[in-house]
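All remarks here apply to the structure that follows.
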Amino acid sequence: DRGLVWSEAEIIKLDVLRGTALVAYLYRDSSHNEVVDLGGPRVALHHTHTYKKGGALKEGMRVEVKDPRGKWMEAQVIGEECRAVLIHYKGLPHKADEWVPRTSRRIRRFGHK
């Protein structure tokens, strides 16, 4: 998305001649819709850079994580180790960052419904 964080989107209109697509980002309102270059660096196959349940967690992914108080919050993976990922909660200072096991039920895909 424009915030330089990978987001899931769907194609609304495809312009094959120009090699562009009008996209709508899931979990965002239509004011975020935009035209993207299909050959550009901002387009990737589904779940290449976004987390899905049971998939690999990678640095840079946006996810939702249940914080220690039990509240689901938007977060980003900012570090990786073999068995855990370092989570940064959006809007909180870095001192709130924490290592969470990769297999934890506290992690789910962003926009989970």
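Computed values, structure above
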quantity	calculated
Any hit, the range 89-103, residues being closer than 26 Å to Asp29 by Cα, modelled with pLDDT of 95 or more, in contact with a helix residue (DSSP H, G or I) (Cβ under 9 Å, 6 or more places away or on another chain) and surrounded by 14 or more Cβ atoms within 10 Å (Cβ to Cβ)	yes
Pair list, Cβ under 8 Å, 6 or more apart: the range 13-26 residue touching a residue at least 40 places away in the same chain (Cβ under 8 Å), other residue open to solvent by 30 Å² or more (accessible area, probe 1.4 Å) and not in a loop (DSSP other than H, G, I, E, B)	Leu26/Ala9; Leu26/Glu10
Residue within the range 54-63 that is more than 19 Å from Gly111 (Cα to Cα), of a type outside the set (Lys, Arg) and outside any loop (DSSP other than H, G, I, E, B) present	no
Qualifying residue in the range 96-104 (condition: of a type outside the set (Ser, Thr, Tyr) and touching a Pro at 6+ places or on another chain (Cβ under 8 Å))	yes
The range 104-113 - residue that is of a type outside the set (A, V, I, L, M, F, W, C) and open to solvent by less than 70 Å² (accessible area, probe 1.4 Å) and, of those, nearest to Tyr27 (Cα to Cα)	Gly111
Hits in the range 80-107 - residues which are under 22 Å from Ser7 (Cα atoms) and touching a His at 6+ places or on another chain (Cβ under 9 Å)	His88, Asp97
Residue list for the range 1-47, filter: hydroxyl-bearing (Ser, Thr, Tyr), closer than 17 Å to Arg109 by Cβ and open to solvent by 50 Å² or more (accessible area, probe 1.4 Å)	Tyr27
Checklist (1) in contact (Cβ under 8 Å) with a residue 60 or more places away in the chain; (2) touching a Pro at 6+ places or on another chain (Cβ under 8 Å); (3) of a type outside the set (A, V, I, L, M, F, W, C) applied to Arg83, failing item	(1)
Unmet criterion (only one of (1) free of Cβ contacts under 8 Å to residues at least 40 places away in the same chain; (2) surrounded by 16 or more Cβ atoms within 10 Å (Cβ to Cβ); (3) among the hydrophobic types (A, V, I, L, M, F, W, C)) for Ile78	(2)
Which numbered condition Lys95 misses (of (1) under 14 Å from Ala56 (Cα atoms); (2) over 14 Å from the mean Cα position of the chain (by Cα))	(1)
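The values are calculated or read from the model by the stated rules, or taken from the named source; none is laboratory data. On a predicted model such as this, the values are computed, not experimentally measured, just so you know. Note that each Cβ is placed from the backbone with ideal geometry, even for glycine, and that neighbours are counted across all protein chains shown. In case anyone asks, the SASA skips ligands and DNA or RNA and just uses the protein heavy atoms, side chains included. Shrake-Rupley method; radii C 1.70, N 1.55, O 1.52, S 1.80 Å.
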